[in-house]
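I have placed the structure first, in the form of structure tokens, so that the comments after it can refer back to it.
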Amino acid sequence: MSDQALAYQPITRLAQLIQRKELSPVTLTRFYLDRIEELEPQLNAHITIMAESALAEAKAAEEEIHRGQYRGPLHGIPMGMKDQFWTKGVNTTWGSRIYRDFIPAEDATVVRRLREAGAVLIAKHNQAEFAMGGTRVHPYGTPRNPWDPQRIPGHSSSGSAVAVAAAMCAAALGEDTGGSGRIPAAACGIVAIRPTFGRISRHGTMPVSWSMDSASPMSLTVEDCAIVLQAVAGHDLLDPLSSPSLALDYRQGLHDGVRGMRAGAIKELLPPDSADQGVRQAFQESIRTLESLGMTVGEVSVPLITLAAPIFVAICDTDAAGVQFDNIRLRPMDYDSSTRTRLMSASLVSASIYTRAQRARTLFRRQMEDALRKVDILLSPMSGGPPPLIEEENVYFQSKEDVIRRQFGARSFTTPYSLAAMPAITIPCGVTANGNMPMGLQIGGGPFEEATVLRAAAAFESATQWHTRHPKL
Amino acid sequence: MMPNRPQRAAYPSDLSPEDIRRLAHGLALQIPDDDLAVVTYRFNALMEEFNKLLSVELDEADPLAIFHDAGGRAP
């Protein structure tokens, strides 16, 4: 297979070739390393490139496979991960200059599980500082959207989304606290899932919010996403909040279709008339596509979803301020100004606000559960429009109203599943009105219903071609 | 149950930069002069948005961060 043909091959195809010994993991790893060398100067998707160790791992994988010890679909597959996950002996910066020289003594559980599955770990990806989103000056360069380098690729697992969308790895592991996996995935035209909280161990994941952080598999296709989720999911004694339930086989039944499945478009998140016309059109067409596959689609209401963003900010930012409090007091100028002002503001939030936000979260979760008693999955767009231009994103807030408009509105789509501890996936479903930027359809489900949301996403993907569009680089 | 629930008061959402500086001072947090306006905008924005919850009855809901089916128990 030619180098050109290797780009954008899904893991399912690459794994077939590797298992049949028609493709060498070393060749594949070299291919992605060459892509990184070529594209990194324009995209800034990486913080650490692990070329030497990756080639050694690829060689070891190849030898194992030749000895007949094939481990499964990730064996010999080059993957990258957000620089938020501990990697033994390799810098883990958290996207911050404060952690520039931090070298973990062990792997995060998710990293260990990827290694056990035989994945070749090729690079640590660039990200928003401390996974907080909104970074103005990235310490390791500004990640750029491969569809339009003048636009952000979404926060905060930005580098991971860029790397997958630009074929600089076969798949990636991002992290999603309030949308940090799904938002960049949608902005870059790829797939990402945020599983149920507790489905994936947090051990070795540098924290933002202890009750919402979750690793987020990111990939070109839904089945690839299921493969990566399968590898990293499951109970872990090192994370006291990890669910003891067994992870399912997420590929089983993946292609069974959606006939008879019931979906509810969340009324409060339907694109208003003022939304980007591309978003409105793509969402309506997505519903028609799912209906044509035998799904029943209606509307459901989750009234508190309109306040999900302030509930989320009151909890998440306060948790993050707790994590960062010593550093933000002792070395504030080592933070990007956006992260610093966000953390300083959150440091002032009172216990009564935090507690009230958690009460609201409980009530919100009940409303999500009520909605999911009527339907199997929930549907919404991933955003109201294209990702902002980098220069717009970097403008300082001018007023309280400016913060509300820019910071709270965008969070309404993704934070609901974080607050409710429920799974959600984004898949490419169209383009924005300017005809260029990809947009995502979000499919959510009840707790531990990852298999259901994956099945619905796989059905949609099989009926559309959006996942086959790639940026011209 | 909260038999005599006190009347809810809105959180102030128009604090001045000097108010914010004093709040921070109580936490030994020194807000750089260049950041003070933005920190004030951010804090007031959260309070203003959060006050929209005042009309929602929350006292009967426990402040849960982890739900029973995640972490600690199989679904």
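Note on chain A: dipole from Cβ charges, positive end direction compared against A:S201, A:G322, A:A458; the farthest Cα belongs to A:G322. Of interest is the spacing of the C-alpha centroids, which for the range B:3-66 and the range A:210-262 amounts to 36 Å. Is the C-alpha gyration tensor of the range A:1-119 telling us rounded, prolate or oblate? Criteria: a/c under 1.5 is rounded; beyond that, a/b larger than b/c is prolate, otherwise oblate. Here the range A:1-119 falls in the oblate category.
In this rough spin-label picture, where each label sits 7 Å from Cα along the Cβ direction, the A:E22-B:I66 distance is 4.8 nm. For A:R13 and A:E299, the difference between the fully extended length at 0.36 nm per residue and the C-alpha to C-alpha distance is 99.2 nm. Label-point separation (nm) for B:S55 and A:E285, each offset 7 Å from Cα along Cα-to-Cβ? Placing both labels 7 Å along Cα→Cβ, they lie 3.8 nm apart. For the range B:15-58, the list of chymotrypsin sites (Phe, Trp or Tyr not before Pro) that fall in a loop by DSSP and count at most 14 other C-beta atoms within 10 angstrom is empty. Contact order, relative form, for chain A: 17 percent (alpha carbon pairs under 8 Å, 6 or more residues apart, mean separation divided by residue count).
Select from the range A:361-468 those chymotrypsin sites (Phe, Trp or Tyr not before Pro) which occupy a DSSP coil region and have at most 16 other Cβ atoms within 10 Å, ordered by residue number. Answer by residue number: A:Y396.
For the protein assembly as shown, the number of Lys pairs separated by eight or more positions or lying on different chains, with C-alpha atoms closer than 21 Å, is 8.
Between A:W210 and A:S352, the contour length at 0.36 nm per residue exceeds the alpha carbon distance by 49.2 nm. Under the 0.36 nm per residue contour assumption, what length would be gained going from the current alpha-carbon distance of A:A105 and A:Q277 to full extension? Value of the extension gain: 56.9 nm.
The charge dipole of the range A:262-468, taken about its Cα centre with unit charges on the Cβ atoms of Lys, Arg (+1), Asp and Glu (-1) only, comes to about 640 debye.
Phi angles of the range A:295-303 translate, via the Karplus equation with coefficients 6.51, -1.76, 1.60 and θ = phi - 60°, into HN-Hα couplings of 7, 9, 10, x, 10, 10, 10, 10, x Hz per residue; Gly and Pro are given as x. Helical content alone sets the calculated 222 nm signal of chain A at -12000 deg cm²/dmol, taking -39,500 (n - 2.57) per DSSP H segment of four or more residues and averaging over every residue. Each residue of the range A:450-463 was assigned a 3J(HN,Hα) from its phi angle through the Karplus expression (A = 6.51, B = -1.76, C = 1.60, θ = phi - 60°), giving 4, 4, 5, 5, 5, 5, 5, 5, 5, 5, 4, 4, 5, 9 Hz with x at Gly and Pro. At an R0 of 56 angstrom, the distance between the Cβ atoms of A:N434 and A:R67 translates into a FRET efficiency of 0.60.
Just so you know, all these numbers are worked out from the coordinates, no wet-lab data involved. Note that the structure is a prediction, hence the values are computed from the model and not measured. Every residue, glycine as well, gets a Cβ built from its backbone with ideal geometry; the counts of neighbours run over all protein chains shown.
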